[in-house]
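Everything below concerns the one structure shown next.
The values are calculated or read from the model by the stated rules, or taken from the named source; none is laboratory data. These numbers were taken from a predicted model, which means no experiment stands behind them. Every residue, glycine among them, receives a Cβ derived from its backbone with ideal geometry; neighbour counts consider all protein chains shown.
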Amino acid sequence: MAARPRTLTGVAGGSALLAAVALAACASRGPVPPGLPGEVAVSGSEAGGGSPSSPSAPPPGAAPSRQFHLGPAANALVTQARTQAGGGEYAAAGATLERALRIEPDNPLLWVELGRVQMGEGNAGQADAMGRKALALATGDPTAQASAWRLIADSLHARGRTAEALEAEQRAAGLAPQ
Amino acid sequence: MAAVAGAAYVLYLDLLVIHQFEGRRWTLPAQVFAAPLELYAGLPLSESEVGHELERLHYRKVAQLDRPGTYRVNGARIDVALRPARFADESRDAQLLSISAGSQGIEALKDAAGHEVPVIRLEPLLIGSIFPSHGEDRIVLTPREVPPLLPAALKAVEDRRFDSHRGVDPQAILRALWVDARARQIEQGGSTLTQQLVRSYFLSTRQTLGRKIREAIMAIALDARFTKDDLMNAYINEIFLGQDGNRAIHGFGLASQFYFGKPLSELDLSEIALLVAVVRGPSYYDPRRHADRVLARRNLVLKELADQHVVGAPEAAAAARRPLGVTPRPAGAYYPAYLDFVRRTLRRDYRDQDLTEAGLSIYTSLDPRAQDAAERALDSELARLDRMKKRGSEAQALQGAVVVTAPQSGDVIAIVGGRDVGYDGFDRALDARRAMGSMVKPFVYLAALESGRYSAATIVQDEPVDLKLAGGQHWRPENFAHDTNGPVPVARALAESLNLATVGVGLDIGLPKVAETLQRFGLDRTPQQVPAMLLGAVDVTPLEAAQLYNGLANGGFRNPLRAVRAVIGTDGKALKAFQLQVTQVATPEAVYQLDRLLTLVMNRGTGRPARPLLPADLVVAGKTGTSSDFRDSWFAGFSGSNLTVVWVGYDDDAPTGLTGSAGALPVWARIMASLGGSSWNAPMPDGLVEMEIEYATGLRVLPGCSDDRVTVAVPAATQVAPKAGCGFPDSGNPVTTFIDRTQRWLHALVH
C-alpha cells in the first residue's frame with residue numbers, strides 16, 4: 001500500500017469520531033439478543049421502527065426515538081480499527097470494521113466508522129455512500145443521524161461540493177449540536 | 001562411441017531430474033478458506049453447536065487439553081486449545097480459550113489468564129484448492145511441520161537402508177527380483193524412496209526394464225546432488241496418496257487433510273501408519289472403499305514399526321486396536337459451486353499459473369453452516385418433489401440451485417450448483433440463465449413507487465390486456481388463474497402476483513424505466529424492452545437474481561456480491577482485498593414501501609405456503625417466480641440477516657408443472673428456517689406512515705370495521721379513500737366530502 005498523505009482525523013474533522021467514541025463508551029451490556037445486538041429501544045414500539053408485525057403505527061413524522069450503541073465485540077473491533085487507521089493501515093482498519101459489521105450489520109455507528117476509514121483512504125465517494133447507508137439505518141436516533149450527516153458533509157467537501165456540504169452540516173447541527 | 005553416448009544420456013537424465021526436482025518444489029496450488037466463525041458473547045450458539053463447529057475443524061474432544069486442536073467440555077464451559085491460525089488480516093499463535101454457553105448462546109469468553117475476550121475467531125476451514133489442469137493438488141510442508149514419526153515409519157516400511165544407500169538399493173533389488181521370479185510379476189518392493197520420487201516426477205507407472213534403468217540412473221543422480229533430508233522432504237510433499245474425482249492428492253500434508261481433515265502434526269500413531277499403508281497403492285488401499293483391506297495393512301505397518309523398534313510394541317498394539325478414523329467424505333472438496341465462483345472472480349485478476357502454483361491463500365465469505373443448510377434443503381425437497389410428481393413421462397430428475405447472501409455486506413455465504421453437490425460439473429447457480437417470471441414484478445412496482453404516482457394503496461386495474469406488437473401480432477397475457485379481478489390495490493396485485501394488473505402498471509411507468517431499474521440494481525445488460533419483460537421475460541442466473549434482490553434486502557443499496565475477501569501471498573502480505581462497497585441505487589422510502597409489500601406476499605399472497613415452515617415470529621419478505629409453461633420455479637426472499645434465491649427446473653428446460661410456490665418456495669423456507677437469523681426489520685424512513693387498508697378493496701379502514709386488513713407503508717401525504725361506515729373521526733367535515741368525492745370517482749372508475 002502506498003503512503004497515505006492524510007490521517008483519519010485530519011480529514012474527518014474529528015467531530016463525528018468523537019460522537020462515536022462517546023457512544024462506544026456507553027456500551028457495557030451483557031449478552032445481547034440475536035439480530036440487533038447493539039440497538040436499545042429507549043422509547044416507542046418495542047421493535048424500534050415499524051416492524052410489519054408491530055400493531056402500533058407511529059404518528060406521522062415522529063419515528064420512535066432510540067439510541068444506538070456498540071456491543072462489546074463490535075466495540076473491541078472499533079478500538080482496534082482506530083489504532084490501525086491511526087497508523088495509516090486503512091486496509092487493515094477496513095477489514096477489522098467489516099468483522100464488526102458482520103456482527104452488527106444494522107448498526108449505523110459502524111457504517112459511519114467505515115466511511116471515516118474510506119475518507120482516510122481518499123475514497124470520498126464510498127464514504128458518502130456509507131454515510132447514506134448509516135443515515136437509512138439511523139432513523140429515530142438523532143445523534144447517529146448527525147454523525148452520518150457530518151460524514152456526508154466531509155465527503156462532499158472533499159469533492160468540492162461546498163454548497164451541498166454546508167447543507168449537510170446544517171442538517172447535522174439541527175439534529176445534534178456538536 | 002557407445003560410452004560417449006551413454007555418458008551423454010546419463011548427463012541428460014541428470015539434468016532432467018535435477019531440473020524437475022528444483023522446479024517442482026515450489027509449485028503450490030492456492031488454498032481456499034471459508035469465513036472464520038467469530039465468537040463473542042451474545043452469539044446464539046449453544047454448547048453443543050460450539051462443539052459441532054470445533055468438530056467441523058476436526059478438533060478432538062479430550063479429557064485433558066494436551067495440544068492445539070483439542071477441546072474439553074466441562075459442563076456448560078468448553079475449553080479449547082486453539083491452533084495457530086492465519087487470517088486474511090493477521091496471524092494468531094496457538095492459545096487457550098474458555099467458552100461459557102447458556103440457553104441464549106455464548107455468555108462469556110476467557111483467555112488462559114482468565115481475562116475477558118470480547119471477540120475471537122476460530123481458524124478458517126480449508127474448503128479446497130485451485131489445482132492445475134493435470135489435477136495435482138498438494139499442501140507443501142517444511143521439515144519442521146512433519147512429525148518425526150513419519151520419515152521414520154516411511155524408512156522402516158519402504159526403504160530400510162535409505163540413510164546409507166546411494167539412491168538405489170542393490171540388496172533390496174536382488175531380494176525383490178527373487179520374489180518377482182517366484183511371483184512372476186514385477187512388484188515395487190525393490191524401489192527406494194528416491195526411486196519412487198523419480199517415478200512420481202515423471203508420472204510413469206509402466207514398469208518396463210528400460211524405465212527401471214532410467215529411474216535408477218536418475219535416483220543415483222538425485223542422491224548425489226541433494227541431502228537425504230531434502231529428498232525425504234520432497235518425497236513427503238510429492239508422493240501420490242489418493243484420488244478425488246479429477247483431483248489427485250499429493251503429499252502427506254494434503255493427504256492428512258483429505259483423509260482426516262486435520263493437519264499432519266496432529267496425527268497419532270495409528271493415523272500415520274494408515275497414511276504409510278496407503279503409499280503402497282492409493283487405489284487398492286483406498287481407506288474409504290476398502291476399509292478391511294486397509295485396516296489389515298495398517299496393522300501390518302504397525303507391527304513392522306514395532307519389530308524395527310521405531311515404536312514400542314504396546315503402543316503399536318494399542319494403535320492397532322483403533323478404528324481407521326477416516327472422515328466419511330473427503331475434506332476440502334465439499335463446495336465445487338462455491339469454488340467455481342471463487343475461481344471465476346480471481347481469473348479476472350490472476351493468471352491460471354498464479355492460482356495453481358504461487359501458493360496463494362484465498363479467504364472467502366463461505367459460511368459452512370449456511371452452505372450445509374442450503375445443500376440439505378435442496379436435496380431433500382427435490383427428492384420429495386420428484387416422488388410427488390412421478391408423471392411417467394418425466395424420467396429426468398428435477399434440478400435446482402441456491403445462492404445465499406448476507407445482504408448488508410454483499411457476502412455470498414453459500415452457493416449450491418445442483419443436486420449432486422459433490423459433482424464438479426454444470427454449475428446452475430452461475431450458468432443456468434432462465435426466465436425470471438414474476439420475480440421481476442417487484443422492480444416494476446418499485447419503478448411505480450419511485451414515480452410518486454403510485455402507493456401501496458393505489459387502485460390498479462386487473463383487466464384483460466390486448467396489445468398490438470410491432471410485428472402486427474397481438475399479445476394477450478393472462479393471470480395464473482385465467483381470471484380477472486377488476487380494481488385491486490397495488491398491495492394485492494403484487495402479493496397475488498396478478499399479471500394483468502402488473503402489465504397495466506408497467507406500461508404506464510414505461511418499459512425503459514423498468515429496464516433501467518433492473519440495471520440500477522445490478523443487471524449487467526439491457527433487457528429486451530418488450531411488454532413480456534413485465535412478466536419476467538428477462539433471463540438471469542440465480543446469482544444474478546441474488547444480485548438484483550440483494551439491493552432490495554439492503555434498503556436500496558447495491559453492493560457487488562463477493563465471494564473473495566482477500567488474496568494473501570506466501571509472505572502473508574495481502575495481494576488484493578475485495579473491500580465492502582455500497583452504492584445507493586434507490587431511495588430508502590421507495591424500497592421500504594416495496595419491502596413492506598413483499599412481506600405481504602409472505603402473509604397473504606403466493607409466499608404464504610412458506611409460513612408453516614418458518615419460525616412464527618420471523619418476518620420475511622420475498623417473491624415467487626414462475627416462467628411460462630412452468631419451466632422455471634423461482635423464489636427470492638430475505639430476512640434481516642440473509643437473502644436466499646432458489647431456482648428449481650429441468651436442465652433441458654422442459655416444463656416442471658411447478659409454480660414458484662410449489663417448487664422453489666419450500667426449499668427456500670427450509671433454508672431460511674435453518675439459518676435462523678433476525679427478522680426483516682428495516683427502520684421506516686421519516687416521511688412514511690403505516691396505514692391499514694382493506695386487502696381486497698384498498699380502502700382505508702380502522703381496526704374492527706373490516707376483518708380483511710393489511711398494514712402498508714405510504715408517504716405521509718397519501719390520501720386514501722376510507723371504507724364507508726368505518727366511523728373515521730372526521731365524518732361530516734369537509735375532508736369527508738373530499739373522501740366521498742374520491743369514493744364516487746373510484747366507483748365510477750371501477751364500474
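Of all residues in segment B:118-134, none satisfies the criterion of being among the aliphatic types (A, V, I, L, M) and surrounded by fewer than 19 Cβ atoms within 10 Å (Cβ to Cβ).
Please find, among B:Ala34, B:Ala41, B:Ala63, the residue that is modelled with pLDDT of 85 or more and closer than 30 Å to B:Asn233 by Cβ.
Numbers: B:Ala41 fails: closer than 30 Å to B:Asn233 by Cβ; B:Ala63 fails: closer than 30 Å to B:Asn233 by Cβ.
Of the residues listed, the single one that is modelled with pLDDT of 85 or more and closer than 30 Å to B:Asn233 by Cβ is B:Ala34.
Taking first residues from segment B:460-480 that are in the same structural domain as B:Leu534 (by TED's automatic domain parsing) and partners that are at pLDDT 90 or above and hydroxyl-bearing (Ser, Thr, Tyr), the Cβ contacts under 6 Å between residues at least 6 apart in sequence or on separate chains come to B:Asp462/B:Thr484; B:Glu463/B:Thr484. With respect to the stated conditions, B:Asp137 is surrounded by 15 or more Cβ atoms within 10 Å (Cβ to Cβ), acidic (Asp, Glu) and at pLDDT below 90.
Is it true that B:Arg604 is surrounded by 20 or more Cβ atoms within 10 Å (Cβ to Cβ), within 13 Å of chain A (Cβ to nearest Cβ), of a type in the set (Lys, Arg) and in contact (Cβ under 8 Å) with a residue 60 or more places away in the chain? Spell out the reasoning first.
Working: surrounded by 20 or more Cβ atoms within 10 Å (Cβ to Cβ): no; within 13 Å of chain A (Cβ to nearest Cβ): yes; of a type in the set (Lys, Arg): yes; in contact (Cβ under 8 Å) with a residue 60 or more places away in the chain: yes.
Answer is no for this residue.
Take A:Asp128 and tell me if it is surrounded by 24 or more Cβ atoms within 10 Å (Cβ to Cβ) and either hydroxyl-bearing (Ser, Thr, Tyr) or within 14 Å of chain B (Cβ to nearest Cβ) (or both). So A:Asp128 fits the description; yes. When every residue of segment B:38-46 is checked against the conditions, none turns out to be free of Cβ contacts under 8 Å to residues at least 60 places away in the same chain and either more than 14 Å from chain A (Cβ to nearest Cβ) or among the aliphatic types (A, V, I, L, M) (or both). Of the residues screened, A:Gly86 is one that is closer than 28 Å to A:Ala173 by Cβ and more than 10 Å from every other protein chain (Cβ to nearest Cβ).
Count of segment B:451-481 residues, restricted to those that are in a loop (DSSP other than H, G, I, E, B), surrounded by fewer than 17 Cβ atoms within 10 Å (Cβ to Cβ) and of a type in the set (A, V, I, L, M, F, W, C), is 4. Mind checking which residues of segment A:131-164 are more than 12 Å from the chain's Cα centre (by Cα), over 19 Å from B:Gly687 (Cβ atoms) and either crowded, with 24+ Cβ neighbours inside 10 Å or touching a residue at least 40 places away in the same chain (Cβ under 8 Å) (or both)? Hits for segment A:131-164 are A:Ala153, A:Asp154, A:Ser155, A:Ala158.
Listed by first and then second residue, the pairs with beta-carbon distance under 9 Å, at least 6 apart or on different chains, first residue in segment B:92-110 and within 13 Å of chain A (Cβ to nearest Cβ) and under 8 Å from B:Ala41 (Cα atoms), second surrounded by fewer than 16 Cβ atoms within 10 Å (Cβ to Cβ) and modelled with pLDDT of 95 or more, are B:Ala108/B:Glu116; B:Leu109/B:Glu116. Kindly evaluate B:Gln64 against the criterion of being surrounded by fewer than 20 Cβ atoms within 10 Å (Cβ to Cβ), of a type outside the set (D, E, K, R) and assigned to a loop (DSSP other than H, G, I, E, B). Against the criterion (surrounded by fewer than 20 Cβ atoms within 10 Å (Cβ to Cβ), of a type outside the set (D, E, K, R) and assigned to a loop (DSSP other than H, G, I, E, B)), B:Gln64 qualifies. Scan segment B:192-236 for residues that are modelled with pLDDT of 85 or more and not in a helix (DSSP H, G or I) and jot them down. Hits for segment B:192-236 are B:Thr192, B:Phe226, B:Thr227.
Give the residue that is surrounded by the most Cβ atoms within 10 Å (Cβ to Cβ), with candidates limited to residues of segment B:96-113 that are under 24 Å from B:Ala34 (Cβ atoms) and under 29 Å from the mean Cα position of the chain (by Cα). Restricting to residues being under 24 Å from B:Ala34 (Cβ atoms) and under 29 Å from the mean Cα position of the chain (by Cα), the top hit is B:Ile99. Tallying residues that are more than 29 Å from B:Leu57 (Cβ to Cβ) and either within 34 Å of the chain's Cα centre (by Cα) or not in a loop (DSSP other than H, G, I, E, B) (or both) within segment B:263-282 yields 1.
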